[in-house]
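Have a look at the structure below before the remarks.
The values are calculated or read from the model by the stated rules, or taken from the named source; none is laboratory data. Keep in mind it's a predicted model, so treat the numbers as computed, not measured. Note that we place each Cβ from the backbone using ideal geometry, even for glycine, and neighbour counts take in every protein chain shown.
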Amino acid sequence: MSGFDEEIAEEIEEFDAHEDVPEAILKVSSITNELDIAVAAWHEDGRWTLGLLPDPTDIAQIITSLKSQQTNGGAIALISIDEEFFILIRVLGAHMWLFLSDVTCALSYPVAEELLEIADIPMPEKDEDTNPIGHIDILADLGMNGMEISALCDDFELYPDEQLEAIANRLGFGDQFAELLEL
């Protein structure tokens, strides 16, 4: 048997071994992958400033980072996880708003589950429909209302990074967002 055939046989055996693993262990890993992005944005001196956040899966650290970047309009985190869903977090003074584009992702992704815990939102049922959850009007005072965010969530043709790019464009920092992420 060639080396290639042996590798394929080993991979098939590894795949088959996962059939007996409990569902809880099969949850998607919280390890950051190259598809995950997290960008902080804040409005200062009449212009937007953006920066990459180091770990898109660490919600507590992201909130801490946003608190340190607060200006008059507060700070926003735009997070995309595994090309599956996006998260918006906004911190303004002592107030914090959280938004998740698909509540059912909390069943498979620890970062989404953590967001629901912080927001004190119950976990979805296994058969629940994919719906956004949280503060839908999180960006209304910045020019993007809840209906627009909801429409983006309903557009299954767009990947989460594209949805976030649309949000960045609507808020006025789309070019900076695309440049930062090299889109």
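Identify, please: which residue in the stretch 60-74 is farther than 14 Å from F99 by Cα, free of Cβ contacts under 8 Å to residues at least 60 places away in the same chain and in contact with a helix residue (DSSP H, G or I) (Cβ under 9 Å, 6 or more places away or on another chain) and is, among those, surrounded by the fewest Cβ atoms within 10 Å (Cβ to Cβ)? Top of the filtered list is A60.
Within the stretch 78-108, work out how many residues are touching a strand residue (DSSP E or B) at 6+ places or on another chain (Cβ under 6 Å) and not acidic (D, E). Adding up the residues that qualify gives 16.
Restricting the search to the stretch 125-139, which residues are assigned to a loop (DSSP other than H, G, I, E, B) and within 21 Å of D82 (Cα to Cα)? Scanning the stretch 125-139 gives K126, E128, D129, T130, N131, P132. Quick one: would you say E157 is farther than 19 Å from W42 by Cα, touching a Lys or Arg at 6+ places or on another chain (Cβ under 9 Å) and free of Cβ contacts under 8 Å to residues at least 24 places away in the same chain? Taking the combined requirement at face value, the residue does not satisfy it. With the condition kept exactly as written, say whether any residue in the stretch 160-171 is among the basic types (K, R), under 14 Å from the mean Cα position of the chain (by Cα) and within 23 Å of G51 (Cα to Cα). No, the conditions are met nowhere in the stretch 160-171.
When D175 is tested against (1) surrounded by 14 or more Cβ atoms within 10 Å (Cβ to Cβ); (2) closer than 21 Å to R47 by Cβ, just one condition goes unmet, and that condition is (1). For I118, the criteria (1) surrounded by fewer than 19 Cβ atoms within 10 Å (Cβ to Cβ); (2) touching a residue at least 24 places away in the same chain (Cβ under 8 Å); (3) of a type in the set (A, V, I, L, M, F, W, C); (4) under 23 Å from A166 (Cβ atoms) hold in every case but one, which is (4). Remark: pairs (first residue in the stretch 39-59, under 20 Å from Q163 (Cβ atoms); second residue among the small types (G, A, S) and assigned to a loop (DSSP other than H, G, I, E, B); Cβ separation under 6 Å; 6+ apart in sequence or on different chains) = T57/S30. The set of residues in the stretch 140-154 being modelled with pLDDT under 95 and part of a loop (DSSP other than H, G, I, E, B) consists of G143 alone. Restricting A168, A178, A106 to those that are under 19 Å from Q69 (Cβ atoms), assigned to a helix (DSSP H, G or I) and in contact with a helix residue (DSSP H, G or I) (Cβ under 7 Å, 6 or more places away or on another chain) reduces the list to A168. Hey, does the stretch 121-133 have a residue that's more than 24 Å from G74 (Cβ to Cβ), surrounded by 17 or more Cβ atoms within 10 Å (Cβ to Cβ) and of a type outside the set (F, W, Y)? Within the stretch 121-133, one or more residues are more than 24 Å from G74 (Cβ to Cβ), surrounded by 17 or more Cβ atoms within 10 Å (Cβ to Cβ) and of a type outside the set (F, W, Y).
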